[in-house]
Amino acid sequence: GAVVSQHPSWVICKSGTSVKIECRSLDFQATTMFWYRQFPKQSLMLMATSNEGSKATYEQGVEKDKFLINHASLTLSTLTVTSAHPEDSSFYICSASPRVAGVWETQYFGPGTRLLVL
Amino acid sequence: DAKTTQPNSMESNEEEPVHLPCNHSTISGTDYIHWYRQLPSQGPEYVIHGLTSNVNNRMASLAIAEDRKSSTLILHRATLRDAAVYYCILRDANNYGQNFVFGPGTRLSVLP
């Protein structure tokens, strides 16, 4: 299947600093990528939809000025957590969907990035 | 989005088959049924998906009811590595911009 990578796999930072997470589709182009967040013992929650060449669409309750998304190419989307605070500590996961035979059948997820803000 | 319902948890013995059910009574004609699983501290892993017919791959089988209102993921011989949270998700294949909506899933425990 298609491969989606994330970097870094984990990061520890001090409160108030900014952290950038990269999401890459390695063997396909993705005009749309999705960013999820998962807190312990909970399911994945969609944060935003990242669109290549245009502004991201954020879910209700997600601050767009705090979680900056840039989708500059068809294989790369970045999520920057600005002025991170301990409550931003979470598992961040991206996903993308290749187009097969004219339809977008399924999505492939990255391995996730564990963020710990001290 | 059409919703799915799954049992919160299931238990299986190692090397026995496991049948994970999913109900999706409001499924539409263009909704694909997807199954993913998530191991601890990892991103969701694709397992299988289908539209109307039963599907088999190296990981599992997907049995879809004739009316498509329910489906069952079948692991033919459970191993300890199959212990994970399994998610059943519907997604319209014609809507590229539609994300996957994750419910709580079924937490599968595999006993040695």
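The values are calculated or read from the model by the stated rules, or taken from the named source; none is laboratory data. All of these numbers come straight from a predicted model, not from anything done at the bench. Backbone-built Cβ (ideal geometry, glycine too); neighbour counts: all protein chains shown. All accessible areas refer to the heavy atoms of the entire protein, side chains included, with ligands and DNA or RNA removed. Shrake-Rupley method; radii C 1.70, N 1.55, O 1.52, S 1.80 Å.
Miscellaneous remarks
- Of the set (1) in contact (Cβ under 8 Å) with a residue 40 or more places away in the chain; (2) of a type in the set (S, T, N, Q); (3) part of a loop (DSSP other than H, G, I, E, B), all apply to B:S41 but (1).
- Strands (runs of 3 or more DSSP E) fully within region B:60-112 counting 2 or more residues that are more than 26 Å from B:N13 (Cα to Cα) and either open to solvent by less than 30 Å² (accessible area, probe 1.4 Å) or at pLDDT below 95 (or both): B:84-92
- Conditions (1) closer than 25 Å to B:G103 by Cβ; (2) without any contact (Cβ under 8 Å) to a residue 40 or more places away in the chain; (3) among the charged types (D, E, K, R); number of the one not met by A:R114: (2)
- Close pairs from region B:3-27: first more than 17 Å from B:I89 (Cα to Cα) and of a type in the set (D, E, K, R), partner open to solvent by less than 40 Å² (accessible area, probe 1.4 Å) and part of a strand (DSSP E or B), Cβ under 7 Å, at least 6 apart: B:E14/B:V110
- Enumerated strands (runs of 3 or more DSSP E) restricted to region A:9-118, each holding at least 2 residues that are at the interface with chain B (Cβ under 9 Å from one of its Cβ atoms) and at pLDDT below 95: A:32-38, A:45-51
- Cβ-Cβ contacts under 6 Å between residues 6 or more apart (or on different chains), taken from a first residue in region A:96-110 that is aromatic (F, W, Y) to a second residue that is at pLDDT 75 or above, are listed as A:W104/A:S97; A:Y108/A:A2; A:Y108/A:V4; A:F109/A:I93; A:F109/A:S95; A:F109/B:G43; A:F109/B:P44.
- Across region A:111-118, a minimum of one residue is classified as farther than 30 Å from B:I33 by Cα, β-branched (V, I, T) and in contact with a Pro (Cβ under 9 Å, 6 or more places away or on another chain).
- Among the criteria (1) in contact with a strand residue (DSSP E or B) (Cβ under 8 Å, 6 or more places away or on another chain); (2) more than 18 Å from A:L118 (Cβ to Cβ); (3) open to solvent by 70 Å² or more (accessible area, probe 1.4 Å), the one A:K14 does not fulfil is (2).
- Residue check, B:I27 β-branched (V, I, T), open to solvent by less than 80 Å² (accessible area, probe 1.4 Å), in a loop (DSSP other than H, G, I, E, B) and away from chain A (no Cβ under 14 Å): yes
- Residue match in region B:72-83 (condition: within 9 Å of chain A (Cβ to nearest Cβ) and in contact (Cβ under 8 Å) with a residue 12 or more places away in the chain): no
- Across region B:44-59, the number of residues qualifying as outside any strand (DSSP E or B) and either open to solvent by less than 40 Å² (accessible area, probe 1.4 Å) or among the basic types (K, R) (or both) comes to 2.
- Test: B:Y32 is assigned to a loop (DSSP other than H, G, I, E, B) and at pLDDT below 95: no
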